[in-house]
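What follows is a single structure, written as structure tokens, with notes after it.
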Amino acid sequence: MKEQNQDNTDTKWMGAGLFAAFVASLCCVTPVLAFLAGIGGVASTFSWIEPFRPYLIGLTALLLGFAWYQKLKPQWDPECACEEDPSFWNTKGFLGIVTILAALLLAFPYYSDAFFPKQDKQVVYVQESQVQTITWDIKGMTCTGCEATVENAASGVDGVLEAAASYDAGKATIKYDQSKTNQETIKAAINKTGFTVAEKQAN
């Protein structure tokens, strides 16, 4: 009975660690899910989590570290000479799977842009006098997935020649053909993602 209670406690530690890792990655998972589901307007829903991400990563490491400690420390109960086989959910193998999943979730910001399609580079001839470049401050970007969301939204506007976003700088630079589109149209496309163009322009 004591061993069963211990197994249940270990499972809770594992679950809590995995949950903390999932919450820590929500700010970057959401833009990808929103893109795949075609509901770009919710892409920035969990961007508010970003400031808490370091604490959630630390919590994940603490919880899973304790779970591993519980699994690896010597277990001996003098009142029970028998040894029951634990269920798979309470084994080191399952804890290893949970740890790998947590690591993948925490590393998600570094490979999230892989889920977005690469923009086809097409040769377009435009009169130089018609080409305009604008740089905007973008609110809500926290990872490469956010960058890809903004870039895809801007590039989807007919007349946009190039779009590059940086979550580190919090900016997006758009090059467009002003004979085919305008700043308001591009701005509206970006704002539909849930990330917003700041009112003040940074040229």
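Criterion first (touching a Leu at 6+ places or on another chain (Cβ under 9 Å) and either under 18 Å from Gln127 (Cα atoms) or surrounded by fewer than 14 Cβ atoms within 10 Å (Cβ to Cβ) (or both)) does Lys180 satisfy it? Against the criterion (touching a Leu at 6+ places or on another chain (Cβ under 9 Å) and either under 18 Å from Gln127 (Cα atoms) or surrounded by fewer than 14 Cβ atoms within 10 Å (Cβ to Cβ) (or both)), Lys180 does not qualify. When you check Ile49 against the structure, is it assigned to a helix (DSSP H, G or I), open to solvent by 80 Å² or more (accessible area, probe 1.4 Å) and modelled with pLDDT of 75 or more, yes or no? No. On the stretch given as the stretch 95-154, residues that are modelled with pLDDT of 85 or more, closer than 13 Å to Thr193 by Cβ, outside any strand (DSSP E or B) and among the hydrophobic types (A, V, I, L, M, F, W, C) total 6. Consider Thr181 carefully, then state whether it is part of a loop (DSSP other than H, G, I, E, B) and either farther than 19 Å from Pro31 by Cα or modelled with pLDDT under 95 (or both). Against the criterion (part of a loop (DSSP other than H, G, I, E, B) and either farther than 19 Å from Pro31 by Cα or modelled with pLDDT under 95 (or both)), Thr181 qualifies.
The values are calculated or read from the model by the stated rules, or taken from the named source; none is laboratory data. This one's a predicted model, so the numbers in the text were calculated from it and none came from an experiment. Quick reminder, even Gly has a Cβ in these numbers, built from the backbone with ideal geometry, and neighbours come from all protein chains shown. Side chains are part of the model used for accessible areas, which takes the heavy atoms of the whole protein and leaves out ligands, DNA and RNA. Shrake-Rupley method; radii C 1.70, N 1.55, O 1.52, S 1.80 Å.
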